[in-house]
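The values are calculated or read from the model by the stated rules, or taken from the named source; none is laboratory data. Values in this document were obtained by computation on a predicted structure and should not be read as measured data. No Cβ is skipped: glycine too gets one built from the backbone with ideal geometry, and neighbour counts run over all protein chains shown. Heads up: the accessible areas ignore ligands, DNA and RNA and are worked out on the full protein's heavy atoms, side chains in. Shrake-Rupley method; radii C 1.70, N 1.55, O 1.52, S 1.80 Å.
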Amino acid sequence: MTFSFSVVEQGMADVKHQPQTPAAQHASPSLSTGGGGGGASGAVRTGSSSGGGGGGLSEASIFGRSLSEEDSKYVKEITQYSMQRLEKEPAILKAESNRLLGATQALAVHHYRHFVTTTQAIGATTRQLQAMDESVKALIDHSLPNFTRVRIALID
C-alpha cells in the first residue's frame with residue numbers, strides 16, 4: 001500500500017490511500033505528489049537539491065526546511081507504514097517523548113550532586129578568569145606605561 005501526499009495551501013498535506021499494483025509492491029516506497037496536470041506525479045526529493053530531473057518537490061517546499069539525515073530517514077520509514085500504524089504513530093511518539101523526559105529527569109536527580117559540583121566549579125573558574133582579566137588590564141593600563149617611562153629614563 002502506498003500513500004500520496006497532495007500538497008495544498010501553505011505546505012499542508014492530505015494523505016490518500018492508493019492500492020498498489022503487483023509491480024509497485026516490489027518497488028521502493030516513496031512519497032509522491034498528487035493532483036496536478038494530467039495525473040502525473042513526481043517523487044519527493046530528499047537530501048541535497050543538486051542534480052536530478054524536475055517534477056519532484058523539495059524537502060524545503062514541503063517541510064519549510066531541508067531535513068537532517070535522521071529526519072529524512074524517519075520520513076522514508078513512515079511512508080512504508082500501514083494506515084493503522086500511521087494512526088498509532090502520534091501516541092507512540094508521545095509515549096517515547098514521555099519516556100525520554102522521565103529518563104532525563106531521573107538522570108538529573110540521580111546525578112544532582114555532580115551537577116551542583118560542576119556548576120560550582122564553573123562559577124569558581126569564571127571568577128578566576130575575570131580576576132586574571134582585570135590583572136592583565138591593570139598591567140596594560142598602569143604598569144606598562146610606568147615601565148616604559150622608567151626604561152626611557154634609564155636609557156637617557
* Say whether the condition of being open to solvent by 70 Å² or more (accessible area, probe 1.4 Å) and at pLDDT below 90 is met by at least one residue in the stretch 70-84. => no
* Structure fact -> Those residues of the stretch 103-152 which are aliphatic (A, V, I, L, M) and open to solvent by less than 70 Å² (accessible area, probe 1.4 Å) amount to Ala103, Ala106, Ala108, Val116, Ala121, Ala124, Ala131, Ala138
* To do: Report yes if Gln80 is in a loop (DSSP other than H, G, I, E, B) and within 28 Å of the chain's Cα centre (by Cα), otherwise no.
  => yes
* Asked: Looking at Leu100, Leu67, which one is outside any helix (DSSP H, G or I), hydrophobic (A, V, I, L, M, F, W, C) and open to solvent by less than 90 Å² (accessible area, probe 1.4 Å)?
  -> Leu67
* Structure fact -> Checked the stretch 76-102 for anything aliphatic (A, V, I, L, M) and in contact (Cβ under 8 Å) with a residue 12 or more places away in the chain; matches are Met83, Leu86
